[in-house]
């Protein structure tokens, strides 16, 4: 996606989380993001897969969940060499330093969602990681919530007060990016195909 967007040093890029699991090279993904930090103003948010990997270090029951087929943790460790000991300190520091959310003038960016009637400082942290998009309501701030986590199919979902960009990149779908100021959307897939659209062209779902 970075090769499509070509952000400059003054451009803000906010990644919505889930850099590990369910792919052949989680290690390579984090390496790539670490290398991008000097090329743009990069903000990386915490996804549920990163918090699950961190919690797995504490042992059961988190370890079994992480290594199960539900999460793809085994494939993640294989990308490093097979064990937690093979994960470099720089990658653990990256995961521990991930933000819960990023707030702009008109938008709230988060991995999964926010509880509508609570300020950001009062949210349950698990909501940031795990809330499903069908539960998302208009936030009390009046800002548009932009999130991932809940697969939407080939196209992002626009509710007006909330947008979900998860278009199943891990499952052979599209990786989607939104320019919040203009509403322009870019999508790319594993075959290198690229397509563009406008958020305003998507049907606003209630």
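What follows is calculated from the coordinates using simple rules that are stated; it is not laboratory data. None of the values given here were measured: they were computed from a predicted structure. Here Cβ is always computed from backbone atoms with ideal geometry, including for glycine, and neighbour counts include all displayed protein chains.
Of note:
- For the chain, averaging the sequence separation of C-alpha pairs within contact (under 8 Å, six or more residues apart) and dividing by the residue count gives a relative contact order of 15 percent.
- Sequence ranges 2-8, 46-52, 175-181, 98-104, ranked by mean other-Cβ count within 10 angstrom, highest first: 46-52, 175-181, 98-104, 2-8
- Each principal axis of the Cα cloud of the stretch 100-200 was evaluated for its coordinate range; sorted largest first, these ranges are 42, 27, 19 Å.
- 44, 76 arranged by Cβ crowding within 10 Å, fewest neighbours leading: 44, 76
- With helices as the sole contributors, the chain gives -6500 deg cm²/dmol at 222 nm; each DSSP H run of n ≥ 4 counts as -39500 (n - 2.57), and the sum is divided by every residue.
- FRET efficiency estimate (nearest 0.05) - Cβ-Cβ, residue 54 to residue 85, R0 22 angstrom: 0.90
- Pairwise Cα inverse-distance average, inverted: Kirkwood Rh of the stretch 102-150 (Å): 10.5
- Order of 143, 184 - criterion: other Cβ atoms within 10 Å of each residue's Cβ, fewest first: 184, 143
- Exposure proxy for 141, 79: other Cβ atoms within 10 Å of each Cβ, ordered fewest to most, give 141, 79.
- Convex hull volume per residue in cubic angstrom - Cα atoms of the stretch 26-68: 72
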